[in-house]
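Working notes for the structure below.
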Amino acid sequence: MDRAVLPADGAPPRTGHAGERIAGIEDVTPLAAGSHVLVRDGEPGRAAGLLPDERPTPLDDDVLARLRA
């Protein structure tokens, strides 16, 4: 499925690499506020448990080599 990318400058939507990578947009303000309170109260482990799992973006070896250079 091709998803449109809405530019911040109000230009017409475009498609491309970013549009292929964005699966959804979600407001995580309550999650951030809750984790902030836990960290502030000295419970970083509990705060980390609230965070979603992050998966690395698959990259070709040549791209990784350039990034690591």
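The values are calculated or read from the model by the stated rules, or taken from the named source; none is laboratory data. Because the structure is predicted, anything quoted here is derived from the model rather than measured. As a convention, Cβ positions derive from the backbone with ideal geometry for all residues, glycine included, and neighbour counts pool all protein chains shown. The accessibility values were calculated without ligands, DNA or RNA, using every heavy atom of the protein model including side chains. Shrake-Rupley method; radii C 1.70, N 1.55, O 1.52, S 1.80 Å.
Structure summary
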{"quantity": "Lone unmet requirement of (1) within 21 Å of the chain's Cα centre (by Cα); (2) open to solvent by less than 90 Å² (accessible area, probe 1.4 Å) for residue 58", "calculated": "(2)"}
{"quantity": "Out of 10, 24, 19, sole residue that is modelled with pLDDT under 90 and in contact with a strand residue (DSSP E or B) (Cβ under 7 Å, 6 or more places away or on another chain)", "calculated": "19"}
{"quantity": "Candidate set: the range 27-42, residues that are open to solvent by 70 Å² or more (accessible area, probe 1.4 Å) and at pLDDT 95 or above; chosen: the one farthest from residue 59 (Cα to Cα)", "calculated": "41"}
